[in-house]
1. If residue 46 satisfies all but one of (1) open to solvent by 20 Å² or more (accessible area, probe 1.4 Å); (2) of a type outside the set (Lys, Arg); (3) modelled with pLDDT of 95 or more, what's the number of the condition it fails?
2. Out of the residues in the range 131-150 that are in a strand (DSSP E or B) and among the charged types (D, E, K, R), state the one that is farthest from residue 175 (Cα to Cα).
3. Specify the residue that is surrounded by the fewest Cβ atoms within 10 Å (Cβ to Cβ); the eligible residues are those in the range 111-130 that are of a type in the set (Asp, Glu) and closer than 21 Å to residue 174 by Cβ.
4. Report, ordered by the first and then the second residue, all pairs with beta carbons closer than 6 Å, sequence separation of six or more or different chains, a first member in the range 79-100 that is closer than 14 Å to residue 126 by Cα, and a second member that is assigned to a helix (DSSP H, G or I) and open to solvent by 10 Å² or more (accessible area, probe 1.4 Å).
5. Give the residue that is modelled with the lowest pLDDT, with candidates limited to residues of the range 165-210 that are hydrophobic (A, V, I, L, M, F, W, C) and out of contact with any strand residue (DSSP E or B) (no Cβ under 6 Å at 6 or more places or on another chain).
6. Regarding the range 167-188, can at least one residue be identified that is open to solvent by 50 Å² or more (accessible area, probe 1.4 Å), free of Cβ contacts under 8 Å to residues at least 24 places away in the same chain and over 18 Å from residue 128 (Cβ atoms)?
7. Within the range 139-160, identify whether any single residue is in contact with a Phe, Trp or Tyr (Cβ under 7 Å, 6 or more places away or on another chain) and open to solvent by 60 Å² or more (accessible area, probe 1.4 Å), and answer yes or no.
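The values are calculated or read from the model by the stated rules, or taken from the named source; none is laboratory data. Keep in mind the model is a prediction, meaning the values are calculated, not measured. All Cβ positions, glycine included, derive from the backbone under ideal geometry; neighbour counts span all protein chains shown. The protein model used for the area step is the full one, side chains on, heavy atoms only, and it has no ligands, DNA or RNA in it. Shrake-Rupley method; radii C 1.70, N 1.55, O 1.52, S 1.80 Å.
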Amino acid sequence: MTTAAFTTTAALLLTACGGGDESSPEDIKGAGGGSPSASASSGAADVKRPDVSVPPDLKLVFDFEKPSDAGEAAALGDAANFIRALDHGIAQQDPNDPAYQFYSTGGAQKYAKSQIEAWVKDGWTVTGEDRYFNADIESVGQGDSTLVTFCRNQAKFYSKKVKTGKVNYTDENLDSYQKFSLLMSPSEASEAVWQARQIEVQGRVEECKG
C-alpha cells in the first residue's frame, strides 16, 4: 500500500453521536502518566510538543495496548495525539491551530483543517466521550511509514452549540462506529515525532460494533 492509496473521507460528523461529562484525556495503556502532549514516542523528551488538551466536558479514551516495538509505540502514540489535536482545534475554534499541524502533514493535515473549519462555520464544538480501540499497526512499503488502524465508538460523543451550550444528543446506532486508517511516518523535523500523512475513515463499520 502506498500513500496514494489513501483518500480523505468524511468523519467527525457535525451531528456527532454520544456525550458525557468526564474529565481529561487518557493516555495509552502502559504508556505512563503525564499530559496528553507527552506522547508514547520514544526519545521525545527534548521535543517541544504543542498543547492538545481538551475541555473538561470532553473525554478522549484510547483503549490501546502499548506495542513492545519502540517505533510502533511512537506511531500509535502520535496517531492518538493527532486525534487529540483535531479535537483541540475544534474546542479552540481555530482552523489554523498549531497542534494538528504539528502532528500531521499532506492529506491528513488538509483533512483536519477542513473538519475544524466545518465545525467552526456551523457554530459547534465537541463534548462527551470519544472512544478509540482495537488498534493494529503494520509496516508499509520499504520505508519508515506505518499504517495505524483502529475503531471508534462515538455513541457518547456529541456536538454542542458554542453560543448557547445546547447539546445535540443522539442515540447509539451503526453510525456511531467508524474505522480509522492513518498513514504515519517520522517528521522531517524530528524522528521522535510521528505525523499522520494520509487518513481514511470508514463509516458504519459493523466489525467495530462487535
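1. Condition not satisfied by residue 46: (3).
2. 138
3. 129
4. 93/120
5. Within the range 165-210, the match that is modelled with the lowest pLDDT is 189.
6. Yes, the range 167-188 contains a residue that is open to solvent by 50 Å² or more (accessible area, probe 1.4 Å), free of Cβ contacts under 8 Å to residues at least 24 places away in the same chain and over 18 Å from residue 128 (Cβ atoms).
7. No - not one qualifying residue is present in the range 139-160.
Every residue, every condition in (1) closer than 28 Å to residue 172 by Cβ; (2) open to solvent by 10 Å² or more (accessible area, probe 1.4 Å); (3) out of contact with any helix residue (DSSP H, G or I) (no Cβ under 7 Å at 6 or more places or on another chain), yes or no:
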residue	(1), (2), (3)
65	yes, yes, yes
73	no, no, yes
76	yes, no, yes
80	yes, no, yes
87	yes, no, yes
91	yes, yes, yes
103	no, no, no
106	no, yes, yes
109	no, yes, no
